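Written out below as structure tokens is the structure these notes cover.
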Ligand code: ZN
């Protein structure tokens, strides 16, 4: 963790890193998606239980740096009980936040605001994005009924 990261942001990120949310395995899942961030070595496995168009539960297992783990934990905390549309919207918000574009983080997800601090470290942006692009890929496969390509999502395909 870099000392230059704002204290507040760093505390929030470290809190999620030390006690990641969504670690409990699910008894059954509708979506399973894997992602990797080769530039840092982060790897993630996401499982999601869906009921209609609502995310009922999520399991996140991220092996990687503090930022990738914290971002996955924030994702787990946020998506539970949200509609698929809300989840998609939030992943777009996270992307904008990381790229320094104008966006609003809803109050209920204010921990995610800490990811702003990552902007100062461009090489870490992909770490923070990993969980979100992996989730979006899983949702896409779910919605088109393909059940996944079996291929890992990679942050290298991001631009
Ligand atoms: Zn990383």
I'd like the distance separating the alpha-carbon centroids of the stretch 1-78 and the stretch 107-138, in whole Å. 10 Å
If each DSSP helix of 4+ residues adds -39,500 (n - 2.57) and the sum is divided by the residues in the chain, what number results at 222 nm, nearest 500 deg cm²/dmol? -12500 deg cm²/dmol
Is the stretch 36-159 rounded, prolate or oblate when judged by the Cα gyration tensor, a ≥ b ≥ c being the square roots of its eigenvalues, rounded requiring a/c under 1.5 and prolate requiring a/b larger than b/c? oblate
Once you sort the root eigenvalues of the Cα gyration tensor of the stretch 100-159 as a ≥ b ≥ c, which label holds: rounded (a/c under 1.5), prolate (a/b larger than b/c) or oblate (the other case)? oblate
Distance from a point 7 Å along Cα→Cβ of residue 108 to each backbone N in the stretch 67-87: keep the residues under 15 Å and list them by number. 75-87
Length gained, residue 121-residue 143, 0.36 nm per residue minus C-alpha separation, equals 4.5 nm
In degrees rounded to 10, the 0-90 angle between helix 125-143 Cα long axis and the longest Cα principal axis of the chain is 10 degrees
In nm, to one decimal, how far is the residue 23 label point from the residue 85 one, both placed 7 Å along Cα→Cβ? 3.6 nm
Could you order the peptides 75-81, 130-136 from most to least packed, using the average number of other C-beta atoms within 10 Å per residue? 130-136, 75-81
Relative to the longest principal axis of the chain, what angle (0 to 90°, nearest 10) does the C-alpha long axis of helix 66-79 take? 50 degrees
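How high is the FRET efficiency from residue 151 to residue 99, r the C-beta distance, R0 22 Å, rounded to 0.05?
For R0 = 22 Å, the calculated efficiency reads 0.30.
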Taking the chain as the reference, fit the longest principal axis to its C-alpha atoms, fit the long axis of helix 84-99 to the helix C-alpha atoms, and give the angle between the two in degrees, 0 to 90, nearest 10. 30 degrees
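Coordinate-derived values only; no laboratory data. Model, not experiment: these values are computed from the prediction. Using ideal geometry, Cβ is built from the backbone for each residue, glycine included, and neighbour counts are taken over all protein chains shown.
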